[in-house]
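Below is one structure, written out as structure tokens; the observations come after it.
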Amino acid sequence: MPARHVTRGILTALNGTTGAGLLIALATRTRLRRGRHGVLIAEGYRLPVPPASCFTVGSVILTRRSAEWLLDDERAALFGHEHRHAEQYAVLGPLFWPAYWAACGWSYATTGSWGVRNFLEKHAGLKDGGYPADLPLRPWAVRGLSAIRSRRRPPGSPSRG
Ligand SMILES: [Zn+2]
């Protein structure tokens, strides 16, 4: 296994996020299976939240489907997306959660999608995670951003080039 996968596994074990993933896997009575790159797959997740086919906690990918389904070549992009979330957990540790929810809130408020303007989903790959590549900003966000831009450089002021 490449060193970065080993490092990721060690970091997510030490920062407690894989432990949290295993607790959720046990509490929701999923079956743990071996994935790729040292990631575990908890298959048969049944709770309604979150409403995704897969989500990742530390080095554990929880899925409503089976491990075979996720490890199928056709789902290589989706596995890669979830694996990048595991790498984010290695860097952020438990800070992943507040960062993720803040990013979801920002993305939802500005576009109506949890993922499109969520920097953690963008980094993991929007297309690979099944998100649209981009969405138009909601009207308030367009107004807000243009107000910020015009405050930086008042209209009519000479450019400071
Ligand atoms: Zn994602």
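A few remarks follow.
- DSSP bridge orientation in the chain - percent antiparallel, rounded to nearest 5: 65
- Relative contact order %, segment 1-65, counting alpha carbon pairs below 8 Å whose residues are six or more apart: 34
- Residue exposure proxy: Trp101, Trp106, ordered by other Cβ atoms within 10 angstrom of their Cβ from fewest to most, comes out as Trp101, Trp106.
- Taking amide H positions as modeled 1.01 Å from N, with prolines and chain starts lacking one, the residues under 5 Å from Ile61 and 5 or more places away or on another chain are Leu40, Ile41, Ala42.
- Seen from Thr17, the other residues with C-beta closer than 12 Å to its C-beta sum to a net charge of 0, counting Lys and Arg as +1 and Asp and Glu as -1.
- Pairs of Cα atoms nearer than 8 Å and 6+ residues apart set the relative contact order; for the chain it is 17 percent.
- GNM top mover of Trp97, Trp140, Trp114 - the chain, alpha-carbon springs below 10 Å: Trp140
- Taken over the chain, the percentage of Cα pairs per 10 Å bin, counting from 0 up to the bin with the maximum distance, is 11, 34, 30, 13, 8, 4, 0.
- Alpha-carbon centroids, segment 104-136 and segment 23-37: separation in whole Å: 26
- Summing Lys and Arg as +1 and Asp and Glu as -1 over all other residues whose Cβ lies under 9 Å from the Cβ of Thr110 gives a net charge of +2.
- Segment Leu23-Ser66, extension gain: residue separation times 0.36 nm, minus the distance between their alpha carbons: 13.6 nm
Where a number appears in this text, it was derived from the coordinates with a stated rule and is not lab data. As the structure is a computational prediction, the values presented were derived from the model and not from experiment. Don't worry about glycine lacking a Cβ; one is built from the backbone with ideal geometry, like all the others, and counts go over all protein chains shown.
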